[in-house]
Amino acid sequence: MSRVVVIGAGVGGLTVAVRLAGAGHHVVVHERSAVVGGKLGRYERDGFRFDTGPSLLTLPQVFADLGLDLPLQPLDPVVRHVFADGSVLDSSSAAEEFVSRIGAAFGSSAADDWRRFWKRASRIWAASWHSVLHHPVTSASLAGLAWRLPDLAAIAPGRSLRSLGFRYLRDPRLRMLLDRYATYTGADPRRAPAALAAIPYAELHFGGWYLPGGLHTLADALLTRCAALGVEIELNSLVTTIETEPPSGRPADDGRNPGRRAVHGVRLGSGAVDTADIVVADVDALTVYRDLLPTPSRLASLADRSLAGFVMLLGVRGSTPSLAHHTVFFPNHYDAEFDAVFGDPSRGRRARPADDPAVFVTRASDDAVHPPGAEAWFVLVNAPPHGTGWAAVDWRRPGLAAAYRDHVLNVLAARGMDVRDRLMFAEVRTPADLADATAAPGGAIYGTAGGLVRPPNRGPVDGLYLVGGSTHPGGGLPMVTLSAHIVANLIGPATG
Ligand SMILES: Cc1cc2nc3c(=O)[nH]c(=O)nc-3n(C[C@H](O)[C@H](O)[C@H](O)COP(=O)(O)OP(=O)(O)OC[C@H]3O[C@@H](n4cnc5c(N)ncnc54)[C@H](O)[C@@H]3O)c2cc1C
């Protein structure tokens, strides 16, 4: 039996703990904060219960063999899209139903376009699922993969998601809908790979789901499962260093590569060292290679950071029949949002909060998350991460968060969703707040942004592995869970 230390009790850390404990390893999780779940956070106030992070669960099949009892509730529509011209399109996980909704909203040629696009998206999904999402991937291994030629043609390396949209979709509203999926990986659709068309396919082919009581109940379920498997979870336990030892310091027959440095354990904030045969880091790869195990060669490839989010948690009096579970209100000029939140140093433009952003509202019809006569709204707007560089914003600047809160409420009002006189409270979570709560650098939601190649799951020293949204295969609950499956498979079952 190996002793495994997991750093961080986000979904990636908890899932890998479940998988490894189930495979016979002794697993200890160190979590710096007082709660588990990481970005999958929960906030309760005055009878309201908010998810502060994820609101949409996709690909539930990746959670299937974890022994969790998830009361999945399918969503229809998965998302309601409200466009600046007043048109509305409800997405559906029944492909033909969605096509007919597109036809009714935008006309038959738009429906035909979507049908053709969907065939392409299905090929991209199949290629990604088989070749990329289940396996550890590095630039070298990706290049060396025995891609089937039709898979390569479908993925179209070098093409952007934006150009794929132009290739298939004549209606600008459908292109906007597609562009939005790049931001699900924290990326700009004008630069993100066309392969990201796999995301809408995953969402709409396999459906979008809610968990009654809120998505945070997934973290509760993982915690319960960890307890049943004997995983030790140490809360308020900060890891400051990943400790390693040179090859000569180890017994020759410890089963690991005799020529490489290997992990020895982790140093905690208290100064104590918790020794381990294997360390799995569920913290941002930037944190690993900058702070916990400084590794300049790996740091160099982590420059492309994901977007962050500006979140409002609203207690709202009354009811709002025109909202679906998820509703996105699009602006007239979507590119102005990307120009603002990503910045552009070549034109001397710093990143800034968008003036006219797309606004995503989640409002669950679930008595468990609000008091009678009221609604709990989670409002999310893409935003630059917190920091001082050209691509970031200092979200601690006095007055900025409150001013932007008021601005976004005005934007919603201008789009026909005026909630200002029904507010019981409006709490804000800026990227700086997310950075404080979860140690995500800059409050970036997905760590590294959007490409096919992300920091690998195998670390640069023996016995070190990386899971979570900043590593392969990417961010979002299902991808993070897949990263945990990949790492558990790399480590294998306990022996002896
Ligand atoms: C606003 C928002 C909306 C989102 N919406 C969706 C959605 O609708 N659907 C979806 O699928 N995904 C969504 N996501 C993304 C999803 O939440 C993340 O991809 C996923 O939860 C990340 O899990 P993780 O395991 O990678 O890491 P994290 O959740 O970041 O967990 C890392 C953990 O490590 C701990 N830690 C950090 N440093 C240390 C240290 N040195 N020592 C000990 N512990 C440490 C942190 O405290 C944290 O608990 C959203 C995220 C946000 C923020």
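Observations on the model:
- Long-range amide H partners of A364 with built H, under 5 Å: A376
- Area of W395 that stays accessible when all protein chains are in place (1.4 Å probe, Å², to 10): 10 Å²
- Tensor-based shape of the range 1-76 (alpha-carbon gyration tensor, a/c under 1.5 rounded, otherwise prolate or oblate): oblate
- Among the protein heavy atoms, those of Y43 account for about 60 Å² of accessible surface (1.4 Å probe, every chain in place).
- Over the chain, dividing the summed -39,500 (n - 2.57) contributions of all DSSP H runs of at least 4 residues by the number of residues returns a 222 nm mean residue ellipticity of -9500 deg cm²/dmol.
- Between D112 and W390, the simple spin-label model (points 7 angstrom out along Cα→Cβ) gives 4.5 nm.
- Overall form of the range 263-319 per C-alpha gyration tensor (a/c, 1.5; a/b vs b/c): oblate
- Global geometry of the chain, whether rounded, prolate or oblate, following the gyration tensor of its Cα atoms and the 1.5 cut on a/c: prolate
- Fraction of beta bridges assigned by DSSP in the chain that are antiparallel (%, nearest 5): 70 percent
- Heavy-atom surface analysis with a 1.4 Å probe gives the range 187-328 a carbon and sulfur content of 55 percent of its accessible area.
- Within the full protein context, the accessible area of E243 is estimated at about 40 Å² for a probe radius of 1.4 Å.
- Between 0 and 90 degrees, the angle of helix 477-491 with respect to the longest Cα principal axis of the chain falls at about 20 degrees.
- Amide H contacts under 5 Å for G387, placed H, 5+ residues apart: V393, D394, W395
- With respect to the chain, whose longest principal axis is taken over its alpha-carbon atoms, helix 400-414 is tilted by about 40°.
- Note on the chain: with charges restricted to the Cβ of Lys and Arg (+1) and Asp and Glu (-1), its dipole about the Cα centre is near 1300 debye.
- Site pair R260 and R191 shows an inter-label distance of 3.0 nm when each label is modelled 7 Å from Cα along Cα→Cβ.
- Per residue value of the accessible surface for the range 160-209 (all protein chains in place, 1.4 Å probe), Å²: 30 Å²
- Sequence-distant residues sharing a close amide H with D90 (under 5 Å, placed H): H81
- As computed over the range 439-491, the Cα convex hull volume per residue (Å³): 84 Å³
- The range 293-330 versus the range 14-87: alpha-carbon centroid distance in Å: 14 Å
- Apportionment of accessible area to carbon and sulfur, the range 6-114, percent (1.4 Å): 48 percent
The values are calculated or read from the model by the stated rules, or taken from the named source; none is laboratory data. These numbers were taken from a predicted model, which means no experiment stands behind them. Cβ sites come from the backbone with ideal geometry, for glycine too, and all protein chains shown count toward neighbours. Surface areas here come from the heavy atoms of the whole protein model, side chains and all, with no ligands, DNA or RNA. Shrake-Rupley method; radii C 1.70, N 1.55, O 1.52, S 1.80 Å.
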